[in-house]
Amino acid sequence: MKKWSYLFVYSLPVAVYVAFNVKGVLTFLPIFIFYGLVPLFELMTKPDSSNPEDLDSLKRNRFYDFLLYLSVPVQVIFLFYFLHVVSVNHYTTLEYIGISISMGLMCGVFGINIAHELGHRQQRFEQLLAEILLLTSLEMHFLPYHNSGHHKNVGTRKDPATARKGEPVYVFWFRSQIGSYFQAWSLEAKRLKKRNMTPYSLKNRAFAYTIIQLVFIGAIYYFYGLLPLLLFTIASVFGILLLETVNYIEHYGLMRTQNESGYYERVMHEHSWNSDHPIGRAMLFELSRHSDHHYKASKKYQILESLPGAPQMPTGYPGMMLFSLIPPLWFKVMNKKLSTLQL
């Protein structure tokens, strides 16, 4: 991918800004673009399975990092701009919904997706940026759960974010979100127990994150009022549902084999669904090259590779997310693909 391709995601805040300043159905403009036009274009675009060259140089190139860092002030500014416009302007019910869902798209693509990339970094500064982004979506527990739980247990029934064959996405949303929250608490409690520390302290990230989010919610209510808080809740829930839908399509039905001793095989390329469609790759910072990410989670997005043996989706992630919302069709296509893989 050309490095400038990743700037495509910054067309999202432009579309959201327009949505905040128009009336009627145009308040849904970001949804029309990113879950209407983008999937349509991807159906007409061939996948690009070529891999980056000179990986060391790409890894050291700070342009790719700054592109992520820039998302943090953009996300924070847009969140407070959203709270401002819904507190001082009067809209119809349709317009409130459109504006909230547009903000929710920011929460999912900027708030959670980029936090996922930064959350895998080792520097505390980058971890802090991930925490700020996740706060704007009320999804801070994602950090300890994803890194210590999902990456260890993916492809097993221990992992709430691994969708099971025949499981509708609407059921998965609740199982994954609730299960990941409680697993974050469990992981943090075990971590602190090893250090002879109580789990009910601010050293427990799940506990601290919960307190921070409650304070944040209280601050929004205090400074902006009840309606902006309710609309922010809609936005954050929509962003979380985008996350969970991505989780659903990433590992649907791909389970790791367990031996007689109870140990699971190593996470391999065949345990994640992938897409090489370039628009979705650019929009989601190579999230769709998910097998390589799970194979080595520390790899930066710009050097993720398309790997042999990685199951491929019919189209890009945005289109597959829409497709998953129609369970009968999803099962018909994806269960057939699973059967082929198992053969």
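Derivation of every value follows stated rules applied to the coordinates shown; laboratory data play no part. Computed from a predicted structure; not experimentally measured. So basically every Cβ, Gly included, is an ideal-geometry build from the backbone, and we count neighbours across all protein chains shown.
What to note about this one:
- The Kirkwood radius of segment 1-75, taken over pairs of alpha-carbon atoms, gives through the Stokes-Einstein law at 25 °C and 0.890 mPa s a diffusion coefficient of 165 µm² s⁻¹.
- Contact order relative to length of segment 77-163, as percent, for alpha carbon pairs under 8 angstrom and 6 or more apart: 20
- For segment 96-250, the alpha carbon convex hull comes to 116 Å³ per residue, rounded to a whole number.
- Orientation-averaged projected area, Cα convex hull of segment 45-145 (nm²): 9.3
- Normalising by residue count, segment 253-329 has a Cα convex hull of 108 Å³ per residue.
- Positive-pole candidate from CYS107, TYR181, VAL169, dipole of segment 71-194, charges at beta carbon: TYR181
- The orientation-averaged shadow of the Cα convex hull for segment 77-136, equal to a quarter of the hull surface, comes to 4.0 nm².
- Debye intensity ratio in log₁₀ form over the Cα atoms of the chain, taken at each q of 0.07, 0.09, 0.11, 0.15 Å⁻¹: -0.29, -0.48, -0.73, -1.39
- Principal axis extents of the C-alpha atoms in segment 237-292 (largest first, rounded to whole Å): 42, 27, 14.
- Extents of segment 32-74, largest first, come to 35, 32, 8 Å (Cα atoms, principal axes, whole angstrom).
- Taking other C-beta atoms within 10 angstrom as a stand-in for reagent exposure, ASP159, ASP276, ASP54 fall in the order ASP54, ASP276, ASP159, fewest first.
- Note on segment 114-162: the C-alpha convex hull projects to 3.3 nm² when averaged across all orientations.
- When you restrict to C-alpha pairs under 8 Å that are six or more residues apart and normalise by the size of the chain, the relative contact order lands at 24 percent.
- Charge dipole (debye, nearest 20) of the chain; +1 at Cβ of Lys and Arg, -1 at Cβ of Asp and Glu: 840
- P(r) tail fraction, segment 141-222 - alpha-carbon pairs more than 17 Å apart, %: 53
- For the chain, the longest site-free run once chymotrypsin sites (Phe, Trp or Tyr not before Pro) in DSSP loop states with at most 11 other Cβ atoms within 10 Å are removed: 1-199
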